[in-house]
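The values are calculated or read from the model by the stated rules, or taken from the named source; none is laboratory data. Quick caveat: nothing in here was measured; it's all calculated off a predicted structure. Note that each Cβ is placed from the backbone with ideal geometry, even for glycine, and that neighbours are counted across all protein chains shown. Accessible surface is based on the protein model in full, side chains and every heavy atom, while ligands, DNA and RNA are left aside. Shrake-Rupley method; radii C 1.70, N 1.55, O 1.52, S 1.80 Å.
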Amino acid sequence: MNDPVNTAKDLPETGITPGGTTGAFRDVLSKNHARRGKPPLHFADMSEDERIAKAKELGLPKFRVRQLANHYYGHFDVNAGEFSDFPAAKRAEAAEAFFPTLITEVTRQIADEGTTIKTLWRLFDGSLIESVLMRYPTRTTLCISSQVGCGMGCPFCATGKLGLTRNMSAGEILEQVRVAAKAMRDGEVAGGPGRLSNIVFMGMGEPMGNYRSVLSAVRQISAMPPEGFGISARNVTVSTVGVVPGIRKLAAEGIPVRLAVSLHAPSDELRDELVPMNKRFDTTQVLDAAHDYYLASKRRVSIEYALMRGINDQVEHARLLAKRLNHYGDNWAHVNPIPLNPIEGSKWTASKPEDERRFLDILHQAGVTATLRDTRGQDIDGACGQLAAKERQ
């Protein structure tokens with residue numbers, strides 16, 4: 001039997017998830033999907049051999065590649081024109097060959113007294129994506145995008161309404177990280193100089209639809225300089241709506257990243273409506289794969305659950321969720337109930353505070369670890385489910 005991840009029609013470059021062209025749920029594509037192009041090749045997209053070969057074309061010896069890697073990963077620097085340890089006559093050529101501009105800031109919105117920053121980026125083809133930097137007292141987290149738009153079609157999510165345009169390259173993903181890490185180091189975020197400590201793939205897109213680039217980015221985020229940015233893999237979270245083949249592939253990689261599953265409903269009947277992917281991979285398949293990930297990684301899985309008034313926030317939902325998780329018997333999951341962040345024109349609204357508290361209480365009484373998640377950046381549409389990559393008028 002063919003591996004559905006590797007069949008021609010599901011190649012990662014399309015961004016379509018395994019099985020996404022046939023069956024009960026087909027990935028939702030934007031009108032620009034057919035016209036998607038390929039971003040310029042960047043240092044972060046190249047293997048070591050490709051970098052050495054490119055350097056040779058420019059008449060540069062092998063050790064120059066390590067110098068470039070030190071600048072990029074160790075100093076968050078792409079301005080080769082100012083690399084004083086690099087031959088002056090070759091700086092411009094190196095900049096063009098290795099560090100093409102992949103993301104350009106369009107707008108920056110600030111909330112929470114300067115500790116939350118949402119940036120709108122324009123990519124090489126005019127596509128727009130967003131990232132959100134959130135500084136807390138003990139950590140700084142960057143929420144990054146992995147696709148232009150999203151094909152998962154969740155009706156309560158602004159990104160899901162866009163449809164999928166294309167996958168982002170590893171370079172485009174990593175540039176979001178480099179710019180944020182540099183801003184933290186240089187004291188450009190309220191609170192003074194600091195360090196980017198956590199990365200969450202919870203921005204635009206379904207990371208498992210762009211598995212190859214996401215995995216490459218994870219490896220480069222977590223490797224120590226000059227191979228990567230040196231952010232511990234344990235501080236990286238990869239989120240999914242429940243693309244089971246992707247979860248199983250990630251478990252086999254042996255990288256201790258945290259897995260987050262956007263569950264949002266404890267039953268198939270309700271989840272079919274809230275997360276259309278459930279028609280392809282149902283709650284039993286998703287929870288089985290997530291639990292297997294826990295067994296393989298020894299890392300507790302985050303269960304993301306957006307609380308929606310009168311839809312999935314009642315006593316029976318909390319009890320069923322606890323029962324489904326406790327079925328596995330080993331405290332393997334941490335539930336993050338998230339007050340729904342409203343999006344324009346949506347019929348879905350946030351739960352009442354008393355219903356949120358009751359939901360949490362029921363989980364705790366059942367022995368399920370759960371923490372109500374902080375909704376940062378809601379007033380700048382930077383919170384979970386609100387990223388729509390719109391230019392402000």
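Other residues lying with their Cβ under 10 Å from the Cβ of R234 contribute a combined charge of +2, Lys and Arg counting +1, Asp and Glu -1.
With springs only between Cα atoms under 10 Å apart, run a GNM on the chain and tell me which of L215, L123, L60 wobbles the most. Top of the fluctuation ranking is L60.
Would you work out the charge dipole size for segment 103-380 about its Cα centre, treating the Cβ of every Lys and Arg as +1 and the Cβ of every Asp and Glu as -1, and quote it to the nearest 20 debye? Show your work: numbers first, answer last.
Working: 33 positive and 30 negative charges, 112 e Å.
That gives segment 103-380 a dipole magnitude of about 540 debye.
Using the 1.4 Å probe convention, the accessible area of the chain works out to 43 Å² per residue with neighbouring protein chains retained.
Compared with the dominant Cα axis of the chain, that is its longest principal axis, helix 353-365 is turned about 90°. Along the axis of the charge dipole computed for the chain (Cβ charges of +1 for Lys and Arg, -1 for Asp and Glu, origin at the Cα centre), the listed residues N32, V214, M308 are led at the positive end by V214. Prolate is the label for the chain. Its Cα gyration tensor axes, ordered a ≥ b ≥ c, give a/c of at least 1.5 and a/b above b/c. Comparing F86, F76, F156 in a Gaussian network model of the chain (Cα springs below 10 Å), the most mobile by mean-square fluctuation is F86. Our summary gives the chain a relative contact order of 15 percent, counting only alpha carbon pairs under 8 angstrom and 6 or more residues apart. What distance in nm separates the two pseudo spin-label positions at F124 and R358, each 7 Å out from Cα along the beta-carbon direction? Here the modelled spin labels are 5.4 nm apart.
For segment 50-207, the number of Lys pairs separated by eight or more positions or lying on different chains, with C-alpha atoms closer than 27 Å, is 9.
The residues neighbouring D282, those whose beta-carbon lies less than 11 Å from its own, together hold a net charge of -1 under the Lys/Arg +1, Asp/Glu -1 convention.
Look at where the Cα atoms of segment 271-314 and of segment 9-70 average out, and the two centres are 29 Å apart.
Charge tally for G81 (other residues, Cβ to Cβ under 12 Å; Lys, Arg +1; Asp, Glu -1): -2. Computed from Cα positions, the angle between helix 315-326 and the longest principal axis of the chain comes to roughly 60 degrees.
Considering only A290, I255, L120, and ranking their Cα positions along the charge dipole of segment 103-380 that arises from unit charges at the beta-carbon of Lys, Arg, Asp and Glu, the one farthest toward the positive end is I255. Basic side chains Lys and Arg get +1 at the Cβ, acidic Asp and Glu get -1 at the Cβ, and with that the dipole of segment 43-99 about its Cα centre reaches some 220 debye.
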